[in-house]
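Read the structure below first, then the notes.
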Amino acid sequence: MGFLDRFLKQPSWGVHPDDHKRPAADVPLRHLPPPERIYMPLHQHVGGAARPVVLVGQQVRKGQLIAEAQGNISAPIHAPVSGTVFAIGDVTAPHPSGLPLKAITIDADFRNDWVEADIPADPFALAPEDIAKRAAAAGVVGLGGATFPSAVKFALGKRLKVSTLIVNGGECEPYLSSDDRIMRDFADQVVDGARLVMHAIGAREALVGIEDNKPEATAAMRKAAAPYPEVKICPVPTRYPMGSDKQLIQTLTGKEVPSDARAAEVGVLVHNVSTCAAVHKAIRLGQPLVERIVTLNGGAIAQPGNIYAPLGTMIGDLLAFVGLKETPARLILGGPMMGTPLLHDRIPLVKGASGILAFNAREASKPDAGPCIRCGTCADACPMGLLPMEMAARIRVHDLEGAETFALADCISCGCCAYVCPSHIPLVQYFSHAKGELSNNERAKLRGEATKRLTEAKMARIERENQEKAAAAAKRKAEREAAKAAAEAASQQAQGETA
Amino acid sequence: MSQDFGTPVAAPHATTSNNTTRIMATVMLALAPSTLYGFWLYGWPSIYLWLITIAAALFGELFFLRLRDKDATPVLLDGSAVLTGWLLAVSLPPWAPWWIGAFGGLFATTLGKQAFGGLGQNLFNPAMVARVALLISFPVQMTAWVSPAPLFSAAAPGAIDGLMIFFKGITPAYDALSSATTLGFAKTELSRGVDLLQSAAQAPALSFFGNRSGSLGETAAWLIGGGGLVMLFLRIISWHIPVAMLVGIGLPAAILHAADPARYLDMGSHLLSGGAMLGAFFIATDYVTSPNSPVGKLVFGAGCGLLTYIIRTWAGYPEGMAFAVLLMNSLTPIIDTYFKPRIYGRDRRGAPLPTNN
């Protein structure tokens, strides 16, 4: 397979699902009026959760720090609206488990009262570390979905020699168009943000990869980047998962990121277009990350499109804004290929949420899984060159080590294999399960080793203490005997004297 | 509003419209032209044989699924049993008696497939397992060929006569139609000490268009090849196995024929007769029993081709394709182990690429 692809110079990996991006992508951006109450989760990024720095009942202004970063990999949280802190309690996490997540609830006062901003006169005169510091303080995280704190990535770029910034405008997930909208409506912000990131990481050029199904975005970005020759707009073939950093790096630079290594190790760093726009706002306007564009799409939505909304808005409020034609059969946070199914709509909008999809029954229907016919379509589609059917065959019989030898750890969970499988086997589910199991085993092993080490240390300590006790006892005994002997000698001497 | 959306399902939430049944149906459509041509060429008995072989294959599958207490309907509807019966039927002598088709069809789906655990689990191609079992058990019936007597022509048996032939064997009225295939003829002549240059004059006509004696659906190389090309363009199969297999047969044939034309048949005869084309496009490409990586497929295809040539030329059977495919099927797990695609970010051996920054 892939014969025609190679012939047409198309990538041989990946899949080509119907993109379903239009008409939602072409509908002008709408602004959500601030809801009466927002729920700002403290953990909206990879790494440690933020720690609240406000009290219940406290007045906050829009953009005010309400929870500070905790640990090396973390990001602070700011108030998306001005108002009063109503509570610090639990909401449902944007996760299929429906587990609780700590959040700061704010009652909006609708005054849109921003905190005063600290705006540098010329950001390019700032030290690169200063850019990183400001981005970190503004709570900027990767907005493409990975939500890795951006400043940590900037620091990585400074530590390793990075010559190229890749700006990810791939947006390969079907249905989603929030990045498309950012590039169309805020191209200047994206380009400026990209130049600031270049400054922060010391890159010489920026390559903006945009899938060729977004001609309007490409045109807008070309126009915005025209004055800056170091920012190059590079249309890339529309193919899922083009928005995955490894695939985009390979397409734009021909470089391959070694397994177990980071992109910076081949001299590139990837940041999403929305992240670049957020960096622009953080540095140029002094505005922390408190709002984002989110795509609302899917067959159950009456007016699909892109909404500019404060973070912490309940998804139910967003759905009410765009209207529902029918009760959704499935609610998804993110795109259909990698998105998270949600239990209900009382879940707040978080930084990494690029889309909320409400699928109707037809879109949500999934055919029953059949037996694997070893057709190899999954292997042809895998962008990492893995053999999904071989891994699944081993996981099915609980041979997790066997699956590991097929480089299960290199799976990026993009869902290509499960998408193309003619037997509709839920391959990604197999792999997530196995990865979870393996990391549990790994943790258990480490715990076991730690316990063993502690036990051994305790035994050694007891042994040492016993020896010390014995030695002390022996010493005391010797001293006693010596004293006794001395006393006897003295008494004999005394007797001798008296005799 | 707050509502429950039921049990969450894992991503991806989108799926291909392709499915197993569609794949099987496409293969059957690609196989249809050469089969219909076979029907026209060999008349009613071949149609009855095709029907009973497929029916027996379906019955065998149903019987085993009942034994295993499984719901038979979805499995029977996936088309794999029909395809197995069909592939077996087109590889049988067109006027074979009914019990050949019945036994073969049953054998294919029971011992060839369900005994291993059903679709996707079998190590060997079920149709070829059945064909070889038949060839070894009933060598006379399995090498009784007839000359083409196109449907509705004067020499062809009608629907009723066809039924008689089908159930009672070839009656004396149709003895004149008995014939030999190109490969069988060459084998016999060589064993009689007649070299091919002399015997070629009486050789059964080799025709690209398939108007000669042979298996039910194997004679028309152009129709089989055409069906194969359709599958290639629809991406049901990849080019690796067919090309490697045809090269594996053609290359040694060309070399040895050039060296000694009196002893070795030419490349054209090898490629266009027997099961070479059917094997290359429809049998060896079976997903379940062939390797998955591109290089593995090339190795597998070349092995199938080479073994076919060797068995045809030096072994006791005139027909090598079925044996060759089965032998290579047994090597598929090993080929799969040794020829894996290169993983992104790793070298061919699976070690991470060096980092240089």
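Only the coordinates and a few stated rules stand behind these numbers; no lab work does. On a predicted model such as this, the values are computed, not experimentally measured, just so you know. A quick note on method: Cβ atoms are made from the backbone with ideal geometry, for glycine too, and the neighbour counts reach across all protein chains shown.
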May I ask which of A:Lys223/A:Lys325; A:Lys133/A:Lys445; A:Lys102/A:Lys281; A:Lys62/A:Lys153; A:Lys435/B:Lys340 have a Cα-Cα span longer than 30 Å here?
A:Lys223/A:Lys325; A:Lys133/A:Lys445
Within the set of other residues whose C-beta is less than 13 Å from the C-beta of A:Lys102, count the net charge using Lys and Arg as +1 and Asp and Glu as -1.
0
In segment A:54-171, if the dipole is taken from +1 on Lys/Arg beta carbons and -1 on Asp/Glu beta carbons about the Cα centre, which of A:Val60, A:Gly145, A:Ala121 is farthest to the positive end?
A:Gly145
Give the lysines whose C-alpha is closer than 26 Å to that of A:Lys477, dropping any in the same chain fewer than 8 places away, or say none.
A:Lys469
Assign unit charges at the C-beta atoms only (+1 for Lys and Arg, -1 for Asp and Glu), then state the dipole size of the protein assembly as shown relative to its Cα centre in Debye, rounded to the nearest 20.
960
Working from Cα positions, state the angle (0 to 90°, nearest 10) between the long axis of helix B:182-191 and the longest principal axis of chain B.
60
Between the helical axis of B:159-168 and the dominant principal axis of chain B, each derived from Cα atoms, what acute angle in degrees is found, rounded to the nearest 10?
90
Which residue, B:Ile343, B:Ala155, B:Leu123, has the largest displacement toward the positive end of the dipole of chain B when charges sit on each Cβ (Lys, Arg +1; Asp, Glu -1)?
B:Ile343
Would you mind ranking B:His257, B:His270, A:His433 by Cβ crowding within 10 Å, fewest neighbours first?
A:His433, B:His257, B:His270
Take peptide A:88-98, look around each residue's Cβ out to 10 angstrom, count Cβ atoms belonging to other protein chains, and average those counts.
1
Report, ordered by chain and residue number, the lysines lying within cross-link reach of B:Lys113, taken as a straight Cα distance under 17 Å and ignoring same-chain residues fewer than 8 apart.
B:Lys70
Once the convex hull of the alpha carbons of segment B:215-343 is built, what does its volume come to per residue, in cubic angstrom?
110
By the DSSP-based rule, helices of chain A that are at least 20 Å long along the axis (C-alpha) and have a mean Kyte score of at least 0.5 are A:187-201
Please report the net charge: other residues with Cβ closer than 14 Å to the Cβ of A:Gly376, K and R +1, D and E -1.
0
Lys/Arg Cβ at +1, Asp/Glu Cβ at -1, dipole of chain A taken about the Cα centre: which of A:Ala485, A:Pro17, A:Ile106 is farthest positive-ward?
A:Ala485
Those trypsin sites (Lys or Arg not before Pro) from segment B:56-131 that are DSSP loop and have at most 16 other Cβ neighbours within 10 Å turn out to be B:Arg68, B:Lys70
Using a 10 Å cut-off on Cβ to Cβ distances, tally the other chain neighbours for every residue of A:334-347 and report the average as a whole number.
4
Please compute the contact order of segment B:250-346 in relative form: average sequence separation of alpha-carbon pairs under 8 Å and at least six residues apart, divided by the residue count, as a percent.
27
Any cysteine of the protein assembly as shown lacking a neighbouring Cys Cβ under 4.7 Å - listed by number
A:Cys172, A:Cys234, A:Cys276, A:Cys372, A:Cys375, A:Cys382, A:Cys411, A:Cys414, A:Cys416, A:Cys421, B:Cys304
Formal net charge of residues neighbouring A:Val231 (Cβ-Cβ distance under 13 Å; K, R +1; D, E -1):
+1
In deg cm²/dmol, rounded to 500, what helix-only [θ] at 222 nm does the protein assembly as shown give when every DSSP H run of at least 4 residues adds -39500 (n - 2.57) and the total is split over its residues?
-14000 deg cm²/dmol
Quick one: A:Lys351, A:Lys133, A:Lys458, fewest Cβ neighbours within 10 Å first, how do they rank?
A:Lys458, A:Lys133, A:Lys351
By the mean-Cβ-within-10 Å protection proxy, highest first, B:230-241, A:134-145 rank as A:134-145, B:230-241
Within 10 Å of each Cβ in A:256-265, the average number of Cβ atoms from other chains
5
Might you report the magnitude of the Cβ-based charge dipole of segment B:12-156 about its Cα centre, with Lys and Arg at +1 and Asp and Glu at -1, to the nearest 20 debye?
80
Could you work out how far helix B:98-110 tilts from the main Cα principal axis of chain B, as a 0 to 90 degree angle to the nearest 10?
20
Taking the alpha carbon gyration tensor of chain B, what are the square roots of 5 times its eigenvalues, largest first, to the nearest whole Å?
38, 28, 17
Average Cα contact separation per residue, chain A, under 8 Å, 6 or more apart, as relative contact order %:
16
Would you pull out the residues with amide H under 5 Å of A:Ile356's amide H, same chain only if 5 or more places away, H placed 1.01 Å from N?
A:Thr295, A:Leu296, A:Asn297, A:Gly334
Test item: Cα-centred dipole of chain B, Lys/Arg +1 and Asp/Glu -1 on Cβ, debye:
620
